[in-house]
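Chemist: Structure provided below as structure tokens; questions to follow.
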Amino acid sequence: MAQTLPSDRVKPRARLFRTALAAVALAVASATAVAAAEQPTPQYVKTTTTLQETAGGKTIATIMPAAPVIVRDKEGTHVEIEVTGWSPAGGAKYLFKDVGLRINLALLTEEGVQQRAVIGTKDDAWGSTWENVKVTGWVEQSDVVPDVDTVWKEAAGLYYTRCSRCHSLRRPQEFTANQWPSILKIMSKRAGFTEDQAALVTVLLQTHGKG
């Protein structure tokens, strides 16, 4: 026959159990809050810019508009940034936003390829292995902004004023991120975009594209 405990003994044990659970939940919440606070807030490159090995030194990459970066240090008019992305098999010089998503974040020089740090790998749907890559270097502080909407505002202004001269505007959702670059090659010339402006409009349409 099962032994039952007096109710005056059960209640204190239940209260103790609930108190222990509450303490664990509070500890987990506190640890999560601390971890979130320790994560630096991303900033964004506002235009195509040169990533340098040292402040004003050798070029190791070209960083594309709207690329999210983490600012690590400051020296004069330069800031040290960290950019993280994905490189496809056989394409170590390219840094894309995600596996299979060819929104270009950076184009590395030969020196940049040697200095990149591989922090992980992942296979895409076709079995090709992509490398998760981190690159660190220096850019002009004026080329980095805290709000990506600043980048989108300039890009949208170019798109709506230039690309409506010859035809009605295409909605970004008409094509995928991987389709837009080839479509914009012809359109950019007709719109009279510089290389920097074309890169800016391309990333706008890719980021807000279908899927």
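The values are calculated or read from the model by the stated rules, or taken from the named source; none is laboratory data. Please read all numbers here as calculations on a predicted model, not as lab measurements. With ideal geometry, Cβ positions are generated from the backbone for all residues, glycine too; neighbour counts draw on all protein chains shown. Accessible surface areas use protein heavy atoms only, side chains included; no ligands, DNA or RNA. Shrake-Rupley method; radii C 1.70, N 1.55, O 1.52, S 1.80 Å.
Chemist: Quick one: would you say GLN114 is open to solvent by 80 Å² or more (accessible area, probe 1.4 Å), outside any loop (DSSP other than H, G, I, E, B) and in contact with a His (Cβ under 9 Å, 6 or more places away or on another chain)?
Modeler: On the way: open to solvent by 80 Å² or more (accessible area, probe 1.4 Å): yes; outside any loop (DSSP other than H, G, I, E, B): yes; in contact with a His (Cβ under 9 Å, 6 or more places away or on another chain): no.
It is false that GLN114 is open to solvent by 80 Å² or more (accessible area, probe 1.4 Å), outside any loop (DSSP other than H, G, I, E, B) and in contact with a His (Cβ under 9 Å, 6 or more places away or on another chain).
Chemist: Which one of the conditions (1) modelled with pLDDT of 55 or more; (2) surrounded by 11 or more Cβ atoms within 10 Å (Cβ to Cβ) does PRO12 fail to meet, given that it meets all the rest?
Modeler: Status for PRO12: all satisfied but (2).
Chemist: Here's a follow-up. I'd like the full set of residues that are touching a strand residue (DSSP E or B) at 6+ places or on another chain (Cβ under 7 Å), open to solvent by 40 Å² or more (accessible area, probe 1.4 Å) and not in a strand (DSSP E or B), limited to region 82-100.
Modeler: Listed by number, the residues that qualify are ALA89, LYS93.
Chemist: Something else about it: From the set of residues in region 86-106 that are farther than 21 Å from THR176 by Cα and of a type in the set (A, V, I, L, M), which is nearest to the chain's Cα centre (by Cα)?
Modeler: So the residue we want is ALA92.
Chemist: Oh, and also: Before we move on, is VAL79 assigned to a strand (DSSP E or B), at pLDDT 95 or above and over 20 Å from GLN179 (Cα atoms)?
Modeler: Working: assigned to a strand (DSSP E or B): yes; at pLDDT 95 or above: yes; over 20 Å from GLN179 (Cα atoms): yes.
Yes, satisfied.
Chemist: Could you grab me the full set of residues in region 80-105 that are touching a helix residue (DSSP H, G or I) at 6+ places or on another chain (Cβ under 8 Å) and closer than 26 Å to THR194 by Cα? Full working, then the answer.
Modeler: Of region 80-105, the ones touching a helix residue (DSSP H, G or I) at 6+ places or on another chain (Cβ under 8 Å) are 92-93, 102-104.
Matches in region 80-105: LYS93, ARG102, ILE103, ASN104.
Chemist: Can you confirm whether region 169-191 contains a residue that is among the small types (Gly, Ala, Ser), in contact with a strand residue (DSSP E or B) (Cβ under 7 Å, 6 or more places away or on another chain) and either more than 17 Å from ASN104 (Cβ to Cβ) or in a helix (DSSP H, G or I) (or both)? Quick ask: steps written out before the conclusion?
Modeler: So in region 169-191, the residues among the small types (Gly, Ala, Ser) come out as 177, 182, 188, 191.
Still in the list and also in contact with a strand residue (DSSP E or B) (Cβ under 7 Å, 6 or more places away or on another chain): 177.
Next cut, either more than 17 Å from ASN104 (Cβ to Cβ) or in a helix (DSSP H, G or I) (or both) only: none.
Checked against the condition, which is being among the small types (Gly, Ala, Ser), in contact with a strand residue (DSSP E or B) (Cβ under 7 Å, 6 or more places away or on another chain) and either more than 17 Å from ASN104 (Cβ to Cβ) or in a helix (DSSP H, G or I) (or both), region 169-191 yields no hits at all.
Chemist: Select, from TRP130, TRP126, the only residue that is open to solvent by less than 20 Å² (accessible area, probe 1.4 Å), farther than 24 Å from LEU200 by Cβ and without any contact (Cβ under 8 Å) to a residue 60 or more places away in the chain. Spell out how you get there, then give the answer.
Modeler: Numbers: TRP126 fails: open to solvent by less than 20 Å² (accessible area, probe 1.4 Å).
The unique qualifying residue is TRP130.
Chemist: Follow-up question, since we're still on this one. So, THR49, is that one within 18 Å of VAL148 (Cα to Cα), touching a strand residue (DSSP E or B) at 6+ places or on another chain (Cβ under 6 Å), of a type in the set (S, T, N, Q) and at pLDDT 95 or above or not? Walk me through how you get there before you give the answer.
Modeler: Values: within 18 Å of VAL148 (Cα to Cα): yes; touching a strand residue (DSSP E or B) at 6+ places or on another chain (Cβ under 6 Å): yes; of a type in the set (S, T, N, Q): yes; at pLDDT 95 or above: yes.
Yes.
Chemist: Considering only residues that are in a helix (DSSP H, G or I) and within 16 Å of VAL83 (Cβ to Cβ), look in region 141-155 and name the one that is farthest from the chain's Cα centre (by Cα). Working first, answer last.
Modeler: Taking region 141-155 first, the residues in a helix (DSSP H, G or I) are 141-143, 148-155.
Now restrict to residues that are within 16 Å of VAL83 (Cβ to Cβ): 141, 143, 148, 151.
Working: GLN141: 18, ASP143: 16, VAL148: 11, VAL151: 14 Å.
Among residues in region 141-155 that are in a helix (DSSP H, G or I) and within 16 Å of VAL83 (Cβ to Cβ), the one farthest from the chain's Cα centre (by Cα) is GLN141.
Chemist: Okay, next question. Only one of these conditions is not met by LEU26: (1) modelled with pLDDT under 60; (2) in a loop (DSSP other than H, G, I, E, B). Which number is it?
Modeler: Among (1) modelled with pLDDT under 60; (2) in a loop (DSSP other than H, G, I, E, B), LEU26 violates only (2).
Chemist: If you go through region 151-165 one residue at a time, do you hit one that is surrounded by 13 or more Cβ atoms within 10 Å (Cβ to Cβ), within 30 Å of GLY76 (Cβ to Cβ) and among the small types (Gly, Ala, Ser)?
Modeler: Yes: region 151-165 contains one or more residues that are surrounded by 13 or more Cβ atoms within 10 Å (Cβ to Cβ), within 30 Å of GLY76 (Cβ to Cβ) and among the small types (Gly, Ala, Ser).
Chemist: Among the candidates TRP152, TRP126, TRP138, which residue alone is at pLDDT below 95 and either out of contact with any Ser or Thr (no Cβ under 7 Å at 6 or more places or on another chain) or under 25 Å from ILE60 (Cα atoms) (or both)?
Modeler: Among TRP152, TRP126, TRP138, only TRP126 is at pLDDT below 95 and either out of contact with any Ser or Thr (no Cβ under 7 Å at 6 or more places or on another chain) or under 25 Å from ILE60 (Cα atoms) (or both).
Chemist: Only one of these is outside any loop (DSSP other than H, G, I, E, B), more than 30 Å from GLY211 (Cβ to Cβ) and at pLDDT 95 or above: ILE119, ILE103, ILE70, ILE60. Name it.
Modeler: Working: ILE119 fails: more than 30 Å from GLY211 (Cβ to Cβ); ILE103 fails: more than 30 Å from GLY211 (Cβ to Cβ); ILE70 fails: more than 30 Å from GLY211 (Cβ to Cβ).
Unique residue meeting the criteria: ILE60.
Chemist: Being among the hydrophobic types (A, V, I, L, M, F, W, C) and open to solvent by 30 Å² or more (accessible area, probe 1.4 Å) is the filter here; which residues of region 55-69 pass it?
Modeler: Listed by number, the residues that qualify are ALA55, MET64.
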